[in-house]
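Notes to accompany the following structure.
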Amino acid sequence: MSISSEMTDQQKVSKVRSVVMKAGDDLRERYPILKHQNFIGASILTLALSGMFLSAFGYAYDYIPAWACIILVAFFASITHELEHDLIHYMYFKKKPWAHHLMLALVWLARPNTVNPWARRRMHLHHHKFSGSESDLEERGISNGMPWGIRRVLVISDQLMTIYLRPFQMYKMIRLFIEKQPEKDRTKVVLSQLFGFIPLSVIYYGLWYIFVIYHVANGIAPILGQTINWSAGLVKAIPTINFLAVVWIIPNFIRSFSLQFISSNMHYYGDIDSRDVIKQTQVLTPWWLTPFQLFCCNFGSTHAIHHFVVKEPFYVRQMTAKTAHKVMKEVGVRFNDVGTFKRVNRWN
């Protein structure tokens with residue numbers, strides 16, 4: 001008889017947690033450096049930011065082509081997302097607020113097309129409590145539970161499209177999210193949602209839209225026999241915008257699309273009990289998702305582990321994934337349930 005049929009749901013969850021936590025403890029005993037979590041977090045951030053900077057430097061001085069720079073920066077930026085996720089759970093410098101908040105600021109600078117990490121912290125902690133429900137603003141905001149079509153693709157592509165293309169639905173989601181917060185915090189929550197994209201995301205999307213509109217319009221105009229008289233200021237600024245597009249804007253477009261495509265389809269929505277950790281997520285690792293996994297730090301393989309054991313940093317999850325996957329499969333966590341694409345992320 002399998003573990004799944006012998007145990008209650010709570011026993012299954014406890015089983016996974018005990019196995020995963022033991023695997024992490026064993027790893028730290030084998031490699032004592034892993035006990036220095038603050039040092040490792042700061043070192044990984046330094047490495048990721050250095051990789052982004054050196055890639056930009058290489059492109060600026062013609063050591064590497066634009067496509068290589070975009071790929072490298074997108075890869076390094078994906079690492080900073082995992083660091084932000086760990087920081088949201090206070091895994092680094094909890095007792096040194098200045099260092100903690102400096103890391104949060106730097107990971108936002110590396111990934112400007114996101115809501116600021118201080119606002120996201122509340123959304124993410126809410127996500128753990130109400131995963132798969134309509135008030136799960138973090139996942140619903142990136143298209144989880146939406147029917148497939150051009151609208152969902154646009155929402156995955158652009159965080160602002162989630163508001164432009166479904167304003168009334170977003171209003172309802174935000175209202176439900178706010179209603180779930182403690183009454184004394186609701187004003188703060190409203191303000192954090194209103195100003196969560198200021199200033200970095202506003203700058204990012206402003207530059208992104210200018211870049212896209214300018215180049216698309218210049219591509220279409222000759223076909224239509226037209227010319228466009230852009231302002232002198234814009235024409236002068238375009239070389240700088242083009243450079244930023246290669247070293248900062250396009251890489252983060254690729255990174256966020258990859259992450260949001262994976263995340264919105266590995267989380268279940270609508271017909272699950274939000275407290276049922278086994279049904280909150282699946283492990284998503286089919287070979288054809290490899291390009292996406294590359295730019296979201298193998299998120300599809302390891303994020304489900306996080307739902308069981310929250311306080312394990314991302315690099316430890318990567319190292320213990322094989323052990324975690326084995327016990328997760330035994331208790332009924334789904335693996336590569338690609339049918340969820342057709343079922344609009346429903347469990348059944």
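Build a GNM of the chain with springs between Cα atoms under 10 Å: which of Met123, Met319, Met91 gets the top mean-square fluctuation?
Met319
Based only on Cα atoms, what Rg/Rh ratio does the stretch 101-147 have, Rh being taken as Kirkwood's radius?
Radius of gyration relative to Kirkwood radius: 1.05.
Under a GNM of the chain (C-alpha, springs under 10 Å), which listed residue has the highest mean-square fluctuation: Phe257, Phe177, Phe211?
Phe211
Which value at 222 nm does the chain reach when only helices count, each DSSP H run of 4 or more adding -39,500 (n - 2.57), with the total divided by all residues and rounded to the nearest 500 deg cm²/dmol?
-20500 deg cm²/dmol
Using a 10 Å Cβ count of at most 10 others and DSSP loop calls, identify the longest part of the chain lacking such trypsin sites (Lys or Arg not before Pro).
Here the longest segment lacking exposed loop sites spans 96-341.
Using the Cβ atoms and a cut-off under 12 Å, what net charge is assigned to the surroundings of Arg166, where Lys and Arg are +1 and Asp and Glu are -1?
Counting the neighbours of Arg166, the net charge comes to +4.
Taking loop as defined by DSSP and a crowding limit of 14 other beta carbons within 10 Å, which chymotrypsin sites (Phe, Trp or Tyr not before Pro) in the stretch 76-123 fit?
Here the chymotrypsin sites (Phe, Trp or Tyr not before Pro) that fit, given the DSSP loop and packing criteria, are Tyr90.
Please build a GNM for the chain, connecting alpha carbons under 10 Å apart, and tell me which residue among Leu200, Leu259, Leu54 fluctuates the most.
Of Leu200, Leu259, Leu54, the most mobile in the Gaussian network model is Leu54.
Determine one quarter of the surface area of the Cα convex hull of the stretch 1-132, which equals its mean projected area, and express it in nm² to one decimal.
Mean shadow area of the hull around the Cα atoms is 12.0 nm².
How big is the charge dipole of the chain about its Cα centre, in debye rounded to the nearest 20, if each Lys and Arg gets +1 on its Cβ and each Asp and Glu gets -1 on its Cβ?
540
Distances longer than 25 Å among the Cα atoms of the chain: what percent of all pairs is that?
In whole percent, the long-distance tail amounts to 57.
Bear in mind these aren't lab numbers, they're just calculated from the coordinates by the rules spelled out. None of these values were measured; they are calculated from a predicted model. All Cβ positions, glycine included, derive from the backbone under ideal geometry; neighbour counts span all protein chains shown.
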